[in-house]
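A.B. asks: Got a structure here, written out as structure tokens. Questions coming.
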Amino acid sequence: QVQLVESGGGLVQPGGSLRLSCRVSGIIFSIYDEAWYRQAPGKQRELVAAITRGGRTNYADSVKGRFTISRDNAKSEVYLQMNSLKPEDTAVYYCNAESTHTTIWGQGTLVTVSS
């Protein structure tokens, strides 16, 4: 059974940090590109950061310099380190795995940035 399970969300004050993790099972993780998306209330889901199976990364302009995506193929996990968090980063964050013919989503983890 294919599963993407996110963890690490929660409530954090502005300027704080969180590290999201996504554990992937049921697929050959190393051949998939991975990404983090987010969806804020009343807004469309948007790409936050992506990492290819070769390790090349891409970030939304709004998070460049603050967020870092990484992956551990041995553990079948992908991470999102989020620093200098802002209230506008509040959203449900989703893990995504994509190959040529398949796109898989996790269930999401809520990140709330508020004082």
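The values are calculated or read from the model by the stated rules, or taken from the named source; none is laboratory data. Note that this is a predicted model, so its numbers are computed, not measured. Cβ atoms come from the backbone with ideal geometry, glycine included; neighbour counts cover every protein chain shown. Each accessible area value is taken on the protein alone, full model and side chains, heavy atoms only, with ligands, DNA and RNA left out. Shrake-Rupley method; radii C 1.70, N 1.55, O 1.52, S 1.80 Å.
A.B. asks: Out of region 19-32, which residues are open to solvent by 20 Å² or more (accessible area, probe 1.4 Å) and either in a strand (DSSP E or B) or more than 18 Å from THR102 (Cβ to Cβ) (or both)?
C.D. replies: Initially, region 19-32 is screened for residues open to solvent by 20 Å² or more (accessible area, probe 1.4 Å), giving 19, 21, 23, 25-28, 30-32.
Result: ARG19, SER21, ARG23, SER25.
A.B. asks: Are any residues in region 43-57 farther than 19 Å from HIS101 by Cβ and open to solvent by 20 Å² or more (accessible area, probe 1.4 Å), and if so, which ones?
C.D. replies: Residues satisfying the conditions are LYS43, GLN44, ARG45, GLU46, LEU47, GLY55, ARG56, THR57.
A.B. asks: Continuing with the same structure: How about region 23-54: which of its residues are over 19 Å from ARG66 (Cβ atoms) and of a type in the set (A, V, I, L, M, F, W, C)?
C.D. replies: VAL24, ILE27, ILE28, PHE29, ILE31
A.B. asks: What residue, among those in region 1-18 that are at pLDDT 95 or above and either polar (S, T, N, Q) or exposed (fewer than 11 other Cβ atoms within 10 Å of the Cβ) (or both), is nearest to ILE104 (Cα to Cα)?
C.D. replies: SER7
A.B. asks: Name the residue, out of GLN44, GLN39, that is among the polar types (S, T, N, Q) and farther than 20 Å from SER21 by Cβ.
C.D. replies: Matching residue, one of GLN44, GLN39: GLN44.
A.B. asks: List, please: which pairs have Cβ atoms under 8 Å, are six or more places apart or on different chains, and start with a residue in region 13-31 that is more than 14 Å from VAL78 (Cα to Cα) and end with one that is of a type in the set (Lys, Arg)?
C.D. replies: Short answer, once both residue conditions are applied: PRO14/LYS86.
A.B. asks: Now for a separate question. Give the residue, chosen from ALA40, ALA35, that is closer than 18 Å to VAL12 by Cβ, in contact (Cβ under 8 Å) with a residue 12 or more places away in the chain and open to solvent by less than 40 Å² (accessible area, probe 1.4 Å).
C.D. replies: Going through ALA40, ALA35 in turn, the sole match is ALA40.
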